[in-house]
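Trainee: Quick one: the structure is below, questions incoming.
The values are calculated or read from the model by the stated rules, or taken from the named source; none is laboratory data. Keep in mind the model is a prediction, meaning the values are calculated, not measured. Counting neighbours? That spans all protein chains shown, and the Cβs are built from the backbone with ideal geometry, glycine included.
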Amino acid sequence: MEKIIMIKYGELTTKKGNRNLFVDALFNNIKDKLKDFKFEIKKYRSRMYIKTDEIDTIVNLLKEVFGIHEIDLVYSLENRDIESIKDNIVEIFKDHDFKTFKVSTNRADKTYPLSSMEISKILGGVLLKNYSDLSVDVKNPDMVIDVDLREEGIFVVYKKINGLGGYPMNVQGRALALLSGGIDSPVSIYLAMKRGLHVDCIYFDSPPHTSDMALDKVKKLVNILSKYDSNMKLYVVKFTNVQEAIYKNRANNYMITIMRRMMYRIASTYAKEKDYKILITGESIGQVASQTLTSMNVINEVTNIPVIRPVACLDKIEIMDIARKIGTYNISILPYEDCCTIFLPKHPVINPKIEIVNDIESRFNYITLTINAIDSIREVNTINSKNDLL
């Protein structure tokens with residue numbers, strides 16, 4: 001017998017006719033994630049198996065792969081005979097650190113001559129016979145010993161690790177995310193990726209009103225998110241002229257509303273040029289003035305591209321919890337102002353009127369400003385973001 005890694009798919013098994021597409025995508029994503037390591041991987045309809053001498057390292061990388069429901073560390077048994085399985089069970093758990101247990105058998109191979117119940121009873125009995133300190137507890141055991149009998153082999157699970165779940169990267173198309181330096185937008189990107197989207201990011205930079213540290217903060221956030229998708233890109237828009245034009249034309253408490261409409265115009269146009277299917281934002285209903293339903297409706301009016309808001313119905317505590325889990329929180333709270341916080345009015349409007357918005361936008365040439373902002377967009381390398389941000 002040998003120790004290997006078994007991967008369970010979870011939600012992917014519900015895909016029926018499209019299952020192979022999702023499983024193949026997961027298979028390719030895993031191979032890409034592990035490309036710098038020596039391993040063997042085999043895929044089957046309901047499981048994948050990985051052989052490697054670097055189990056701990058590989059498991060840590062698999063924890064960053066969407067589409068995996070569970071990562072099981074298992075013993076793969078060579079002989080399917082029940083007497084051999086009994087001998088192996090005794091050997092596997094000879095150094096056990098539990099007092100109570102139960103055996104749970106999944107007989108996926110229906111040609112096996114014994115039933116699941118019979119196998120569990122036999123294996124439980126052999127453990128009790130060999131280890132006098134053990135007892136069976138079917139309701140609340142210290143250890144559940146899972147035995148998986150499949151056509152491709154027999155596997156005894158000795159450790160279970162939760163995967164990220166969701167869908168494999170890139171099975172649902174491409175999205176462009178409006179990324180700020182705050183807490184919410186990185187979380188929304190993470191949740192969008194979990195649903196199988198490839199997400200690239202667009203950031204609105206406003207020098208000299210915003211600093212290089214603000215941009216570097218965003219680069220650091222992309223670096224963290226890139227562990228889930230190494231092909232993530234960051235595009236930076238020079239937004240200074242747009243913001244100054246809005247400010248000079250007496251937007252007052254409509255400043256944020258007009259600014260967000262301009263961001264949507266720029267991002268939507270660029271998304272169409274680059275064939276992104278949707279926009280992703282970090283808006284959460286009612287969290288700030290620009291995120292009331294009235295505000296979002298007025299802001300959304302300038303685009304006909306679908307806008308997905310993954311954190312829309314989460315409260316701030318829930319969003320912060322996810323940010324801590326994925327490692328973006330400590331970066332997001334660094335005190336470097338982005339373009340969303342400069343020129344911020346004391347009392348931003350929470351129920352903007354479209355006629356007032358149209359009047360303000362008629363005072364400056366927003367079409368030319370949009371075109372010039374798009375022309376300024378550049379892809380930025382995030383690898384060299386400053387470590388001293390931490």
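Trainee: Does Val236 satisfy the condition of being of a type outside the set (Lys, Arg) and surrounded by 24 or more Cβ atoms within 10 Å (Cβ to Cβ)?
Mentor: When the stated conditions are applied, Val236 does not pass them.
Trainee: I'm trying to understand the selection: among the residues of region 306-316, which are surrounded by fewer than 20 Cβ atoms within 10 Å (Cβ to Cβ) and either more than 17 Å from Arg195 (Cβ to Cβ) or in contact with a Gly (Cβ under 7 Å, 6 or more places away or on another chain) (or both)?
Mentor: Answer for region 306-316, where residues must be surrounded by fewer than 20 Cβ atoms within 10 Å (Cβ to Cβ) and either more than 17 Å from Arg195 (Cβ to Cβ) or in contact with a Gly (Cβ under 7 Å, 6 or more places away or on another chain) (or both): Asp315, Lys316.
Trainee: What residue, among those in region 357-377 that are in a helix (DSSP H, G or I) and touching a strand residue (DSSP E or B) at 6+ places or on another chain (Cβ under 8 Å), is surrounded by the most Cβ atoms within 10 Å (Cβ to Cβ)?
Mentor: Once the filter is applied, the top-ranked residue is Ala373.
Trainee: Further question: May I ask you to say which residue of Ile7, Ile50, Ile41 is closer than 21 Å to Phe155 by Cβ, free of Cβ contacts under 8 Å to residues at least 24 places away in the same chain and part of a strand (DSSP E or B)?
Mentor: Ile41
Trainee: Among Tyr270, Tyr190, Tyr228, which is the only one that is touching a helix residue (DSSP H, G or I) at 6+ places or on another chain (Cβ under 9 Å), of a type outside the set (Asp, Glu) and over 30 Å from Met48 (Cβ atoms)?
Mentor: Tyr270
Trainee: Looking at the structure I just gave you, is Ile154 in a strand (DSSP E or B) and crowded, with 17+ Cβ neighbours inside 10 Å?
Mentor: Details: in a strand (DSSP E or B): yes; crowded, with 17+ Cβ neighbours inside 10 Å: yes.
Against the criterion (in a strand (DSSP E or B) and crowded, with 17+ Cβ neighbours inside 10 Å), Ile154 qualifies.
Trainee: Among Asn351, Asn252, which is the only one that is without any contact (Cβ under 8 Å) to a residue 60 or more places away in the chain and of a type in the set (S, T, N, Q)?
Mentor: Asn351
Trainee: Those residues that are part of a loop (DSSP other than H, G, I, E, B) and loosely packed, with under 15 Cβ neighbours inside 10 Å, I need them from region 78-97; list them, please.
Mentor: If the condition is that a residue be part of a loop (DSSP other than H, G, I, E, B) and loosely packed, with under 15 Cβ neighbours inside 10 Å, then Glu78, Asn79, Arg80, Asp81, Lys94, Asp95, Asp97 are the ones that fit.
Trainee: Exactly one of these conditions fails for Ile122: (1) in contact with a Leu (Cβ under 8 Å, 6 or more places away or on another chain); (2) modelled with pLDDT under 95; (3) within 19 Å of Asn79 (Cβ to Cβ). Give me its number.
Mentor: That leaves (2) as the condition not met.
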